1. Write down the radius of gyration of the stretch 90-190 and its Dmax, each obtained from C-alpha positions, in Å.
2. May I ask for the net charge around Val138, where only other residues with Cβ less than 15 Å from the Cβ of Val138 are counted and Lys, Arg are +1 while Asp, Glu are -1?
3. Based on Cα coordinates alone, diagonalise the gyration tensor for the stretch 314-420, multiply each eigenvalue by 5, take square roots, and list the semi-axes in whole Å, largest first.
4. Order by neighbour count: Ile459, Ile101, fewest other Cβ atoms within 10 Å first, most last.
5. For the stretch 288-301, in order, what is each residue's ³J(HN,Hα) by Karplus, 6.51 cos²θ - 1.76 cosθ + 1.60 with θ = phi - 60°, in whole Hz (x at glycine and Pro)?
6. Could you list the residues of the stretch 168-183 with an amide nitrogen less than 19 Å from a label point located 7 Å from the Cα of Asn460 in the Cα-to-C-beta direction?
7. Expressed as a whole number of Å, what is the distance separating the alpha-carbon centroids of the stretch 95-168 and the stretch 286-353?
8. Please report how far the C-alpha centroid of the stretch 404-449 lies from that of the stretch 190-214, rounded to the nearest whole angstrom.
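None of the figures in this text is laboratory data; all of them are computed from the coordinates on show. All values derive from a computational prediction rather than experimental measurement. Methodologically, a virtual Cβ is constructed for each residue, glycine included, from the backbone with ideal geometry; neighbour enumeration extends over all protein chains shown.
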Amino acid sequence: MTSKKNNNTTQPTPLYHGRKPMNRREFLASGTIPFAASMTLPSLLTLFARSGVAEAQELCKGSSSKMIPIVNVNLSGGAGLTAQWIPLTEGRELLQKYQKIGLGLSSQLALQVEKAFKNNAPFWSGSGFLAGLKTSNVANLAVNAMNNAHFVGMCQQSQNDSDTNKFSIAGLVDKAGLKGKILPPLGRFDNGVGVSNALALVSGTPPLIVNNADNIVNALGVADRLGTLNQNQKTALFKTISSLSDSQVRKVANYTGGSALNYLLGSATKDNTNLIENPSSLDINPLSNQAFAQVWGLNANTAKGSADYVHASLVYNAINGNAGSIGIELGGYDYHGSDRVTVTTPRDLAAGVVVGKILQSFHVMNSKGFIYVNTDGGVGAAASDTPGASFTADRGDAGAVYMIAYDPSNSTESSDSQLGHMKNNPDAEAADETFLVGGSPEVGAAAIFANYLSFNGMINKFSSLPETGRLFDSAQLEKIVKIHGKS
């Protein structure tokens, strides 16, 4: 098991490079770079290979997929998710006791149950996460957003403090067709996934890691020596590139490596040329929408490297279709051994605030949206009859993940607020691993993916994909799909 206690989301930012070749004659004829006459073609290709020329040129060659935006929030370290939302038995009744989880005896907990979201999911009224969800910079915005959203908690065992849990569905949603218009998936953790989890079942397009909002801007521009071109020169250059015939591309590729070069170069399109020609028209800045910026508390003086600005930029570009899936990493959740009141509840509050802002973002943009919250394992608590005992140890068998489906049209329905269940043994207080998804994060992730597809009105795609088609039969799929959307 890999130990992973992430308390810092700052990661090195890898650069992506869209690389487009052109032959020497057409490059000179374009008149875009005066010094080109002194360069040989192989040198030009080398320059392109080093330059970071319009990342979007390589990664995005079509229009938005029109699939619902999805944001994965990973609470790194093992947050107490079953001490916020209240998990129930298979018969959807309270356990006899929740002492190992930190919620006391059910007789005491029953007096402190608060129903939340459109489908009345049960939460502990003292939950920091719930309090965070209800926090907003705008009066009534949080409650209005929650009233249009369905919540489902999934009882899920997983490894404690481990980045090997296969929770990420970024590859699955990419395979299903979620693509950005001009950007790849966006993430915060530099491991090829975007959050500190392993991919479930299949890999997808690697994410652009964003630690500053300018990372997004820079990914859509040109760098190195090509960055010295003026706007007209850049436009002419990429128009020339996009006009290359297949035979010309093959001829150029033969100069420096054949198929390897073709892999690096891709092919320019009209849409990609327009990116270079009209960079100011790109709707990538969350400040351009006042209502959205207000959700995150942004203004012209907000640092672009601040967590709120970065998270807002990720979510904004997901909602407007610029990017694929989003991964947000929140560290500091290996928090057992700390005081519940002064340490762990404030951290649960902070997580709820971020998830709440994402939900409110969907609301102000009048967009459907799907949020997936996961963590590494879970926590155990000191024995207490009353809810609110401090967490004392890791306890992965009492873990959970959340999914939230927001629909401004209110056409989405949910058949339950829980997926899976806790063991019937009153002394266990643990997720039942004998249920379809309870014992495997990867299978659990597939269940989340199934609900995401169902929310899109695309549940048939689950059975048609080779990675998921044989995981569940029709009867099992009916048991795990709780969110029902319309295409």
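1. 18.1, 54
2. Around Val138, the surrounding residues sum to +1.
3. Working through the eigenvalues yields semi-axes of 31, 16, 13 Å.
4. Ile459, Ile101
5. For the stretch 288-301, the Karplus-derived couplings read 6, 10, 4, 5, 5, 4, 5, 4, 9, x, 9, 8, 5, 9 Hz, x marking Gly and Pro.
6. In the stretch 168-183, the label zone of Asn460 (backbone N under 19 Å from the point 7 Å along Cα→Cβ) covers 176-178.
7. 19
8. With the stretch 404-449 and the stretch 190-214 each reduced to a Cα centre, they are spaced 24 Å.
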